[in-house]
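What follows is one structure encoded as structure tokens, with my remarks underneath.
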Amino acid sequence: MDKKLSERDKKERLASLLKEKQELYSRLVKESNDLKKAEDVKVKFEKENKLLFFGHQGKGYLGRNGKWEANPIQVKFFNSLKNKEYKHFILHGSNRISKTFSTSGVICLLGMRGCFPWEDPEVVGRWFWDLHGWANPVKIRVVGQSWETHIKGTIVATIKELFPKSWGITSKKNNLGVEFFWTDPLTGSTVEIMSNKSESDMFEGSSNHIVVYDEPCNEKVRTACLRGLIDHNGLEFFAMTLLKEPWIEEKVMNMVDDNGSLSKTVYQVKGHINDNVGFGTTQEAVDQFARNLMNNSPEEYERRIEGKSEFQSGLILNIDKQVHFIDRFKIPSHYIVDVAIDIGWSKGHHVLYLAIDPQNIKYVCFEDHVLGDGEAIAESIIEKKHRYNLRIENVICDPLAKGDKTNYHSTWEKIDITLNRHEMYLEAGSKNKGDGVIAINNLLMTVNKMPALYIFRDLIVATQQIYKVRKKDGVILKVDDDQFENLYRLCLLGTQWEEKRVYYYQSNHYNRDAVTGY
């Protein structure tokens, strides 16, 4: 589009092009004398421009194996694109959940035109460009793996299937004869494909709005692409089954902000292969694939069916960071609060607070790392109670911390005596770690398919330790597990919210004898 056109002229030109397309479609149908030929023309147009009808009612036949609409994972992913705060998008999980469709297909067209391809720009406007302060032309880079297999067979095939023919998008081939560069004649926006196998210095020097990594890229390539996003405060998208490149989990998926909290600029959604059944795959085909993998390699089954990476395959808690990690709010004074203490003889003591609301939803709301003796631990709890007006009901501690309970100078006794002065009492927590894991997972997702346990995202130690607790060879690893130990003991308490009891004492003040006073 001519950059000298005013915004009004641009809008009128877009409307004119849209009208021409509609008139062309109507004319093709009207010129067909018999109804069957007219229907054939209509079907051909819709198949060549199938993404324009994605999610539209009555277009189910356009899908390969089911509904021509977004599957549950895509619904979450597409909705996240309307949040300006997100800069790093991760769509990961098993095979065949339409990751390439969603990124190399939909994201490229969204960037090219500024709205979803199935949306009418005259109605919704260029909301995606407006959201990020972009003006056309928009430059998009897609990073694939090898040219001959992955790029040609998967990415280019997806682009050729999904880019609407009526848009007149043109392409160029590289010296290998593979299409690698597309230009939208309407907006001047471009899509460029590069190979992760190329040297990282080939990725330098370009200024892009969007980078899409189809399957895991190497870290040097990602760093070079990040530099190219600076000019436009651009976005990056990872679409992958995490079979390699473990740094992505550590440095992108678990990215932290300057305060050490998990970054709110990262959005990630994980898909199971069953999420696409009825949308692009059939249950019969999935079951056959799963049986073959389970018989050959349980590890491959976890990666390709459940979408777990090598790191995630050892995780024991079903935490979804987008669901269970939430922003802090003030804990109301009527919430019940339980406290757990994990004694660290040589590295300090960890304290965790769990609030319970009237619906018995639980919130991990405070954490402390205390250096000192038992009295210091108790004083930290007392201070929290008064500062935040907490209704503390139970205080529990690692039972191994009892030691010699009759020893007045033990850590246990010092905590208990100091708490007693403020009407709090120390009890022993459970050591049943297996039941504790079950209790946590039952709260993370209840039988009603609703979470009943949330963690404040600004709890730096708790969020990282609780999320990363793992097992190996069936045994839970005891590495940086202090707050996990506290959490499972708190969950095993099973505290239920109830109204605070008010005790009324009988007074005989008005019945006293005038002489004796009794």
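Annotations for the structure displayed:
- Flag for G133 being assigned by TED's automatic domain parsing to the domain that holds G228 and in contact with a His (Cβ under 7 Å, 6 or more places away or on another chain): no
- Matching helices (runs of 4 or more DSSP H) fully within the stretch 404-495 where at least 1 residues are in contact with a Phe, Trp or Tyr (Cβ under 9 Å, 6 or more places away or on another chain) and modelled with pLDDT under 95: 411-420, 433-444, 460-468
- Test: residue in the stretch 249-259 that is touching a Lys or Arg at 6+ places or on another chain (Cβ under 8 Å), under 27 Å from K82 (Cβ atoms), part of a loop (DSSP other than H, G, I, E, B) and touching a residue at least 40 places away in the same chain (Cβ under 8 Å): no
- Options R291, R328, R303: the member that is more than 30 Å from H386 (Cβ to Cβ) and within 22 Å of the chain's Cα centre (by Cα): R303
- Scanning the stretch 370-403 for residues that are modelled with pLDDT of 95 or more, under 21 Å from S430 (Cα atoms) and surrounded by fewer than 18 Cβ atoms within 10 Å (Cβ to Cβ) gives a single hit, E393.
- Unique residue being modelled with pLDDT under 95, at negative phi, outside any helix (DSSP H, G or I) and not hydrophobic (A, V, I, L, M, F, W, C) when the list is E306, E302: E306
- Members of the stretch 244-296 that are farther than 27 Å from A70 by Cα, touching a helix residue (DSSP H, G or I) at 6+ places or on another chain (Cβ under 6 Å) and at pLDDT 85 or above: W247
- Residue in the stretch 114-137 that is touching a strand residue (DSSP E or B) at 6+ places or on another chain (Cβ under 9 Å) and surrounded by fewer than 22 Cβ atoms within 10 Å (Cβ to Cβ) present: yes
- Test result for F181, surrounded by fewer than 21 Cβ atoms within 10 Å (Cβ to Cβ) and of a type outside the set (D, E): yes
- Test: residue in the stretch 409-428 that is in contact with a helix residue (DSSP H, G or I) (Cβ under 7 Å, 6 or more places away or on another chain) and without any contact (Cβ under 8 Å) to a residue 24 or more places away in the chain: no
- Number of residues in the stretch 187-206 that are modelled with pLDDT of 95 or more, on the phi < 0 side of the Ramachandran plot and surrounded by fewer than 18 Cβ atoms within 10 Å (Cβ to Cβ): the value is 1.
- The conditions of being out of contact with any Asp or Glu (no Cβ under 7 Å at 6 or more places or on another chain), basic (K, R) and loosely packed, with under 15 Cβ neighbours inside 10 Å are not met by K362.
- Candidates K99, K76 - the one that is among the basic types (K, R), in contact (Cβ under 8 Å) with a residue 40 or more places away in the chain and surrounded by 22 or more Cβ atoms within 10 Å (Cβ to Cβ): K99
- Verdict on I155 being touching a Leu at 6+ places or on another chain (Cβ under 8 Å) and crowded, with 16+ Cβ neighbours inside 10 Å: no
The values are calculated or read from the model by the stated rules, or taken from the named source; none is laboratory data. Predicted, not measured: the structure shown is a model, and the values here were computed from it. Backbone-built Cβ (ideal geometry, glycine too); neighbour counts: all protein chains shown.
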